[in-house]
Amino acid sequence: MALIPKETLIFERSIPGKTGMDLPRLDVPVAKDTRPAHLKRQSFEAMPEVSEVDVVRHFTRLSRWNFGVDDGMYPLGSCTMKHNPRLNEKVASLPGFTESHPMAPAKHVQGNLSLMWTLQEWLKEITGLGAVTLHPAAGAHGELTGVMLIRAYHISKGAKRSIILIPDSAHGTNPATATMAGYTCVEVPSQADGTISFDDVSDSHTGKSKKGLLSLIKEHGREIAGIMITNPNTVGIFEYRIAEIAGMLHEIDALIYMDGANMNALVGVARPGDFGVDVIHLNLHKTFSTPHGGGGPGSGPVACTAVLEPFLPLPVVVRTPNGFELDWNRPRSIGKMHSYFGNFAMEIRAMAYCLSHGSDGLRDATLRAIVNANYIRKRLEGVYHLQYSTPTLHEVVFDDNNQSKHGVTTLDIAKGLIDRGFHPPTIYFPLVIHGALMIEPTESESKAELDAFVEAMANIAKEAETNPESIRQSPAKAPIGRLDETTAARKPILKWTS
Ligand SMILES: Cc1ncc(COP(=O)(O)O)c(C=O)c1O
């Protein structure tokens, strides 16, 4: 059955007097209305008067316009939209978890504390680091926590440091985090292979020389508090000189923050602690399969070296001879970063994911994610342009160089995918690649699904040559075509007014 192309707002379906329920007549006197006048609603116009059938059909129809990981491949690069196993949901809804109160004394919630402690131990093992906090509620929140640990470390040594180095391929949250934590960001350029440049480089647009890592370390020396490196970086390339970078920064007592949002390319294969990383965040809502639709709730645990452990947020779950306890006695802690213990329900799901996969299964997921991304890369290489020939891990970033010759842009390609039944990839990010199409299939996709995606992409490329207008007009099959995205972002209408 065809989708109804236009769905009016529920308010526009309102008919005075229509109702969704049938309440019995009052059999008691009407209570005296004691509400202060200023708190009373002046009119009920803002409430739609509709039947239950109206409500159910309206929202069911709207839900069909949505596209989620349960509908099909969702190759949103950097976001890691992998399958959310149903087992996770089952475990997280066990009454022992859902009915426990966050303020219950530790002795009454030993099971919950044991789960948190065990997850911390798994994350320590996975990252190769000495301590973990589960508190942060998202990747960016984990970044802030991690950078605050770095700041606390320098303050504890009486050192005044003001700079965080950030590669130009960094995720946008990295400079935002460093700035929020009070640091000045200094950009490190990429070199021709897409990794951090040690040497000065010439900007391809302006022709101006940009200082590479070596010059920046020489210039700023002990003003540098640390560096934030996404690894694999936002182009999907492993920063293969990271141990060398760590060595150089450690020489001036600066620390290495690794943005571990892309750890789904490393789990079970390489441990950041082994290549010199001091602190890292993980996105449970990406690497560890917990859901992140609609903006959350996420979870961004932070792992760090034993040197940074005293600064971890409060409280810390510890194991003692008497069982699990919450340690509040940490005078050097950066304080609280989240109410209670973070998003506990996400911690349960991540633990279920780890236990159901086992260490071999986690490694296998990593390898499959890499194979899937490279399968797409290999099959579409040439059809779509690749800025870097350097091998990539869990994602592949093409651009619209080949198609723009025919007047078809990255945005058109993304819209063309909607007509072919796929969610578009991340577009125009990372900024280091002009017209980027960032594809991350994850390990969840079968070969059949990958082949269908490749065919859709190849078909768009072919049509861009033979009938570019049809791609520029897409999506033609979706209920809504092209939106005025600038107005939608700048002047959103979020409220119905009559
Ligand atoms: C590389 C990278 N860093 C940081 C983040 C921020 O994570 P969050 O959206 O959970 O705040 C993301 C999110 O996709 C990311 O891909």
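When you check LYS210 against the structure, is it in the same structural domain as PRO175 (by TED's automatic domain parsing), more than 20 Å from HIS250 (Cα to Cα), surrounded by fewer than 21 Cβ atoms within 10 Å (Cβ to Cβ) and among the basic types (Lys, Arg), yes or no? Spell out the reasoning first.
On the way: in the same structural domain as PRO175 (by TED's automatic domain parsing): yes; more than 20 Å from HIS250 (Cα to Cα): yes; surrounded by fewer than 21 Cβ atoms within 10 Å (Cβ to Cβ): yes; among the basic types (Lys, Arg): yes.
For LYS210, the condition - in the same structural domain as PRO175 (by TED's automatic domain parsing), more than 20 Å from HIS250 (Cα to Cα), surrounded by fewer than 21 Cβ atoms within 10 Å (Cβ to Cβ) and among the basic types (Lys, Arg) - is met.
Given (1) of a type in the set (Val, Ile, Thr); (2) surrounded by fewer than 17 Cβ atoms within 10 Å (Cβ to Cβ); (3) not in a loop (DSSP other than H, G, I, E, B), identify the lone condition not met by ILE480.
For ILE480, the exception is condition (3).
Within segment 146-158, work out how many residues are out of contact with any Leu (no Cβ under 9 Å at 6 or more places or on another chain), closer than 23 Å to GLU187 by Cβ and surrounded by fewer than 24 Cβ atoms within 10 Å (Cβ to Cβ).
Qualifying residue count, segment 146-158: 2.
Which members of segment 166-187 meet the condition of being outside any helix (DSSP H, G or I), touching a Leu at 6+ places or on another chain (Cβ under 7 Å) and either closer than 19 Å to THR145 by Cβ or within 16 Å of the ligand (Cβ to nearest atom) (or both)?
Let us first name the residues in segment 166-187 that are outside any helix (DSSP H, G or I), namely 166-172, 181-187.
If we keep only those that are touching a Leu at 6+ places or on another chain (Cβ under 7 Å) as well, we get 181, 186.
Residue satisfying the conditions is ALA181 alone.
Anything in segment 306-330 that is out of contact with any Pro (no Cβ under 8 Å at 6 or more places or on another chain) and of a type in the set (A, V, I, L, M, F, W, C)? List them, or say none.
Within segment 306-330, ALA306, VAL307, LEU308, PHE311, LEU312, LEU314, VAL316, VAL317, VAL318, PHE324 meet the criteria.
Please state which one of ILE217, ILE237, ILE242, ILE196 is closer than 17 Å to VAL279 by Cα and either in contact (Cβ under 8 Å) with a residue 24 or more places away in the chain or surrounded by fewer than 17 Cβ atoms within 10 Å (Cβ to Cβ) (or both).
Being closer than 17 Å to VAL279 by Cα and either in contact (Cβ under 8 Å) with a residue 24 or more places away in the chain or surrounded by fewer than 17 Cβ atoms within 10 Å (Cβ to Cβ) (or both) holds for just one of ILE217, ILE237, ILE242, ILE196, which is ILE242.
Would you say ASP199 is modelled with pLDDT of 95 or more, acidic (Asp, Glu) and at negative phi?
Criteria met by ASP199.
Need a quick list: strands (runs of 3 or more DSSP E) entirely within segment 217-292 having at least 2 residues that are under 25 Å from ASP360 (Cβ atoms), touching a Pro at 6+ places or on another chain (Cβ under 9 Å) and within 16 Å of the ligand (Cβ to nearest atom). Quick ask: steps written out before the conclusion?
Numbers: elements: 224-230, 255-260, 279-282.
Answer list for segment 217-292: 255-260, 279-282.
Looking only at segment 126-143, filter to residues that are among the small types (Gly, Ala, Ser) and more than 16 Å from the ligand (Cβ to nearest atom); which one of those is nearest to PRO310 (Cα to Cα)?
Out of the qualifying residues, it is ALA131.
When you look at ALA254, is it within 29 Å of HIS220 (Cβ to Cβ) and within 11 Å of the chain's Cα centre (by Cα), yes or no?
no
The values are calculated or read from the model by the stated rules, or taken from the named source; none is laboratory data. Here the structure is a predicted model, which means the values were calculated and not measured. With ideal geometry, Cβ positions are generated from the backbone for all residues, glycine too; neighbour counts draw on all protein chains shown.
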